[in-house]
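Let me begin by presenting the structure, written as structure tokens, before commenting on it.
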Amino acid sequence: MSHKSHLPLIARALQHGGRTAVVDTQGAFTYSELLDASSCVATALLLGRQDLEEERVAFFVTPGFRWVAVQWGIWRAGGVAVPLPVDSTRPELDYILGDTGASILLSDAEAESLLAPLAAARNIRALPHEQLLACQSAELPDVTSERRAMILYTSGTTNRPKGVVTTHGNIAAQIVTLVEAWEWRADDRILLCLPLHHVHGIINVVSCALWSGATCEMLPRFESNAVWERIYGGRITLFMAVPTIYVKLIGAWEAAQPERRAALSRACGKLRLMVSGSAALLVSTLERWKEISGHALLERYGMTEIGMALSNPLHGMRIPGSVGTPLPGVEVRLVDEQGKPVAPGTPGEIEVRGPSVFAEYWGKPDATRDAFRDGWFCTGDTAVVENGVYRILGRTSIEILKTGGHKVSALEIEETLRAHPAVAECAVVGVPDAEWGERIAAALVLKTGRAIDLPSLRAWAKEFLAPYKLPSRLLVLDTLPRNAMGKVMKPAVAAMFQTVGSGDSVV
Ligand code: AMP
């Protein structure tokens, strides 16, 4: 089988040949096996054609060797990979299938009953991916770096998520900066416990490992004790996660017997680096993790649209509460409302420029145009530079929440809740929380004579919203606080959640 390719991940995998690329619940797989399997997937997708020419291929596959074989297969056939978020509801998946105009859908056998009707309704060719791995391999197209490679869905200030399109060149740039900054090596071994529909798991963990000839151990999903077991019994050298995962790992460590705790703490000494990102890391979490593991977590800042932009140093002082300095090849600046760079010590919006910045929001030229100013991507995050390092102060928009590392749109949740038969009005806000970063809190005004409680609201909403988007706090009000223009004052709503105790209205 010939695996000649201009795609750098594929070309590099050829050099790594017999090394172990992926370890999952099914076993260990080499780079050669990954090349062969992805070539089979590509051939099956092509069905005799020469190039998929950027057709979108959506896939719903459990993290593991097959996930990577499918992603690489789509790329090698010239398609655009659309990894579907595994915990999504039917309407959320249907939205992504419709928005991308996907022509092919690959799924795990377990997901077939959920996805097959959606594919049929949209005339999408649906294939169980297991079939694709055993086939003949044909000549594959030459895919160049400027072509579109992937679409990841991200929530923002609009009520529906937007598809972030990255090219092969963007992805390579996102990988290279991290490989250089964090000194990835072929003898590294990383544990994946993050979902694979987000930049953190896809780029920072899986792609950086496979670029470097390292090994990626993949858990199907996060589970505290399974992660501790791999740290304890395995040969992991790197670990990367969101702050909520560190909080859960701290909880599991604290629940263990003293002897076991000591053994787990000792095992952390085998790792060379532990990274936190995708949401603000509380200094208290950082300090507790240091006591438990001996590691000062390296905190970094990034976003689906840009990959990673700022990072504390691999060597040298990591400053608690800071996200360090720009990564190699990434330009970062802070600007005021007019787009003028601000002086050190003055807060400003983070803007980013460079080859790792995404190409466009899929099918949304206006949103793409609005997201850039003079070639710089406007992140919507505010930061300040103090003593030469960046500190994130928060988001420019109160409509974007971060819960458990997931970015969610308050507007999307409000639109769903408004459809509930008992709800007259609603406002969704984020309430600070030590474990989740923010909790999703819904303030409702009910229709006359109606009542509602949190469990029934959640049970109703889970048909439409992924579990992490469901409100976990509820306040029923007579009216929502509004300003003179009639606009709901979200900071006032958030303050109500902070001040009320656990009275009747809060569940
Ligand atoms: P996503 O596109 O889902 O990765 O979300 C990106 C957003 O997560 C950024 O715009 C920030 O608001 C937030 N974020 C990422 N890393 C950090 C960090 N280290 N500290 C605070 N917020 C962060």
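The values are calculated or read from the model by the stated rules, or taken from the named source; none is laboratory data. Since the model is a prediction, treat every value here as computed from it, not as a measurement. Backbone-built Cβ (ideal geometry, glycine too); neighbour counts: all protein chains shown.
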Does the range 184-192 contain any residue that is outside the structural domain of Phe29 (by TED's automatic domain parsing), at pLDDT below 95 and more than 15 Å from the chain's Cα centre (by Cα)? no
Residue pairs meeting the criteria (Cβ under 6 Å; at least 6 apart or on separate chains; first in contact (Cβ under 8 Å) with a residue 60 or more places away in the chain, in the range 279-307; second of a type in the set (D, E, K, R) and within 9 Å of the ligand (Cβ to nearest atom)): Ala279/Lys402
Go over the candidates Glu146, Glu112, Glu53, Glu139 one by one and state the one that is in a helix (DSSP H, G or I) and acidic (Asp, Glu). Glu112
Top-ranked residue of the range 191-210 - restricted to ones that are out of contact with any helix residue (DSSP H, G or I) (no Cβ under 8 Å at 6 or more places or on another chain) and assigned to a loop (DSSP other than H, G, I, E, B), ranked as farthest from the ligand (Cβ to nearest atom): His197
Can you name the condition, by its number, that Val431 falls short on among (1) assigned to a strand (DSSP E or B); (2) touching a Leu at 6+ places or on another chain (Cβ under 8 Å)? (2)
Could you please let me know if Val357 is modelled with pLDDT of 95 or more and farther than 24 Å from Ile151 by Cβ? no
Might you let me know whether the range 331-345 holds any residue that is within 20 Å of the chain's Cα centre (by Cα) and of a type outside the set (Lys, Arg)? no
Could you tell me how many of the residues in the range 262-305 are of a type outside the set (Asp, Glu), within 15 Å of the ligand (Cβ to nearest atom) and not in a helix (DSSP H, G or I)? 17
Hey, Pro365 away from the ligand (no atom under 12 Å from the Cβ) and more than 21 Å from Ser278 (Cα to Cα) or not: yes
Within the range 301-318, residues on the phi < 0 side of the Ramachandran plot and more than 24 Å from the chain's Cα centre (by Cα) come out as His315, Met317
Yes or no: the range 221-239 includes at least one residue that is more than 22 Å from the chain's Cα centre (by Cα), more than 16 Å from the ligand (Cβ to nearest atom) and more than 19 Å from Leu194 (Cα to Cα). yes
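Results for (1) of a type in the set (Ser, Thr, Tyr); (2) assigned by TED's automatic domain parsing to the domain that holds Val408; (3) in contact (Cβ under 8 Å) with a residue 60 or more places away in the chain, shown as yes or no for each residue.
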residue	(1), (2), (3)
Val68	no, no, yes
Val80	no, no, yes
Pro83	no, no, yes
Gly98	no, no, no
Ser107	yes, no, no
Just to verify a result, which residue in the range 56-103, among those that are small (Gly, Ala, Ser) and outside any loop (DSSP other than H, G, I, E, B), is surrounded by the most Cβ atoms within 10 Å (Cβ to Cβ)? Gly73
Step by step: first the residues of the range 368-408, then only those that are closer than 24 Å to Pro355 by Cβ and not in a strand (DSSP E or B), then the one that is nearest to the ligand (Cβ to nearest atom). Which residue is that? Ala371
For residues that are charged (D, E, K, R) and within 17 Å of the chain's Cα centre (by Cα), scanning just the range 143-176, find the one that is farthest from the ligand (Cβ to nearest atom). Arg160
Consider the range 445-497. How many of its residues are assigned to a loop (DSSP other than H, G, I, E, B), under 21 Å from His406 (Cα atoms) and of a type in the set (A, V, I, L, M)? 3
